[in-house]
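Below: the structure, in structure tokens.
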Amino acid sequence: MSIDTNSVLLLLLVGIMAGVLSGFVGIGGGIIMVPALVWLLGYTQHQAQGTSLAVLMLPVVFLAVRNYYKAGMIDPKVVLVIAAAFVIGSYFGSKWSLALPMETVRKIFGGVTLLIALKLIFGK
């Protein structure tokens, strides 16, 4: 697949925004990369989600995790338990997502994002 210069620049911008927000407040993949890939680059919802997950598969957050670990903000035992459950959940979640129409997945994604935003803004 050939990527033009404009797309490379947009991808770099998306990556930088996602990286900064991931390191700053722990978000980036779903909140930044997925919408940006859909809106800016015309990816389908499934393509954007797959790309976001593939990016996270690599050790892209290593330096941010290292900083939090050195500051004593990470409990490795908790990380291992959540990671094990996350592996199982992500396997089934991706299977279910791919079995649904793209429009349904887009609406679910938007609804979940909206609920989280409302809880963060108005919740305690």
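Every number here is computed from the coordinates shown, using simple stated rules; none is lab data. No experiment lies behind these values; they were computed from the predicted model shown. So basically every Cβ, Gly included, is an ideal-geometry build from the backbone, and we count neighbours across all protein chains shown.
Condition check ((1) in a helix (DSSP H, G or I); (2) of a type in the set (S, T, N, Q)) across all residues:
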residue: 19; (1), (2): yes, no
residue: 34; (1), (2): yes, no
residue: 47; (1), (2): yes, yes
residue: 59; (1), (2): no, no
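Taking the residues in segment 1-12 that are over 15 Å from the mean Cα position of the chain (by Cα) and part of a helix (DSSP H, G or I) as candidates, determine which candidate is nearest to residue 57 (Cα to Cα).
Top of the filtered list is 12.
I'd like to verify a number: residues in segment 24-43 that are more than 17 Å from residue 93 (Cβ to Cβ) and either of a type outside the set (Gly, Ala, Ser) or crowded, with 17+ Cβ neighbours inside 10 Å (or both), how many?
Residues in segment 24-43 being more than 17 Å from residue 93 (Cβ to Cβ) and either of a type outside the set (Gly, Ala, Ser) or crowded, with 17+ Cβ neighbours inside 10 Å (or both): 13 in total.
Within the group 74, 88, 31, which residue is in contact (Cβ under 8 Å) with a residue 12 or more places away in the chain and not acidic (Asp, Glu)?
Selected residue: 31, the only one of 74, 88, 31 that is in contact (Cβ under 8 Å) with a residue 12 or more places away in the chain and not acidic (Asp, Glu).
Taking segment 61-71, which residues are surrounded by fewer than 17 Cβ atoms within 10 Å (Cβ to Cβ) and either under 23 Å from residue 6 (Cβ atoms) or among the aliphatic types (A, V, I, L, M) (or both)?
Listed by number, the residues that qualify are 63, 64, 65, 71.
Could you check how many residues of segment 78-124 are over 22 Å from residue 56 (Cβ atoms), of a type in the set (D, E, K, R) and surrounded by 10 or more Cβ atoms within 10 Å (Cβ to Cβ)?
Residues that pass the stated criteria total 2.
Does residue 38 qualify as being among the β-branched types (Val, Ile, Thr) and closer than 19 Å to residue 62 by Cα?
In short, no.
So which pairs qualify, if the first residue must be in segment 37-59 and without any contact (Cβ under 8 Å) to a residue 24 or more places away in the chain, the second must be aromatic (Phe, Trp, Tyr) and not in a helix (DSSP H, G or I), the Cβ gap must be under 6 Å, and the two must be at least 6 apart or on different chains?
Short answer, once both residue conditions are applied: 37/43.
What do you reckon, is residue 104 part of a helix (DSSP H, G or I), under 18 Å from residue 28 (Cβ atoms) and either touching a residue at least 40 places away in the same chain (Cβ under 8 Å) or β-branched (Val, Ile, Thr) (or both)?
When the stated conditions are applied, residue 104 does not pass them.
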